[in-house]
Amino acid sequence: MRILLAEDQAMVRGALAALLSLEGEFEVIQAKDGNEALALLKRDSFDLLLTDIEMPGYTGLELADWCNTQASPIKVIILTTFGRAGYIKRAIEAGVGGFLLKDAPSDSLIEAIGLIAKGKRVIDPELAIMAVGEQDPLNDKERRALRLASDGRSTAEIADTLFIAEGTVRNYLSEAIAKLNATNRIDAARIAKQKGWL
């Protein structure tokens, strides 16, 4: 089984790669962030994407969305330290096969890979219950603009990154602020992150 492992923390990535390699049945290719992972996904074929949620460039959820649109969808497991309801709900909507917390025992990861390879879905029951939480009011465009704003980017920088006009960026951010009942873009990003919507 060919696994693409996308994780921006080098030590965690190395430990996971070593763990999977010990099994003997996995070929593990590593990506240091979401952009590198997407480039590898476009260039090569994989059976499984094992990804973190929060990474520079594309997030694990955005990678899962991309995998879901392919002719032969790649199975996806998201590993995260965050059990936020918004993340879980979006992962389920993106067709993710597994959603596991990083502090789970290593045996459960190997077991989950086996189950997902057979077409099953593996989501911790407590996390699944959390997914029934509040509805995410943001659309993808507002979410991307808000994520860049939370990184401290100016309206002009966000416009350049997303290839849209500055006025459009202001509209997206205003909509996000209004939907989240926030006082400004920083407050909106904070609320969205807490809920797992960003």
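The values are calculated or read from the model by the stated rules, or taken from the named source; none is laboratory data. Not measured: the values here are computed from a predicted model. A quick note on method: Cβ atoms are made from the backbone with ideal geometry, for glycine too, and the neighbour counts reach across all protein chains shown. Quick note on the areas: whole protein, heavy atoms, side chains included, nothing else; ligands and nucleic acids left out. Shrake-Rupley method; radii C 1.70, N 1.55, O 1.52, S 1.80 Å.
Observations on the structure shown:
- When region 147-190 is filtered for residues that are among the aliphatic types (A, V, I, L, M) and surrounded by fewer than 19 Cβ atoms within 10 Å (Cβ to Cβ), the ones remaining, listed by number, are A156, L162, I164, A165, A178, A182, I186.
- Some residue of region 42-50 being open to solvent by less than 60 Å² (accessible area, probe 1.4 Å), closer than 26 Å to D151 by Cβ and at pLDDT 90 or above: yes
Per-residue answers, yes or no, for (1) of a type in the set (S, T, N, Q); (2) in contact with a Phe, Trp or Tyr (Cβ under 8 Å, 6 or more places away or on another chain); (3) more than 22 Å from K193 (Cα to Cα); (4) in a helix (DSSP H, G or I):
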| site | (1), (2), (3), (4) |
| --- | --- |
| D8 | no, no, no, no |
| A18 | no, no, yes, yes |
| F46 | no, no, yes, no |
| T51 | yes, no, no, no |
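- So T183, is it hydroxyl-bearing (S, T, Y) and at pLDDT 90 or above: no
- Any chance I3 is open to solvent by less than 50 Å² (accessible area, probe 1.4 Å), closer than 25 Å to D107 by Cα, β-branched (V, I, T) and in contact (Cβ under 8 Å) with a residue 40 or more places away in the chain: yes
- Qualifying residue in region 71-91 (condition: at pLDDT 95 or above and basic (K, R)): no
- Residue match in region 121-138 (condition: within 18 Å of L63 (Cβ to Cβ) and at pLDDT 90 or above): no
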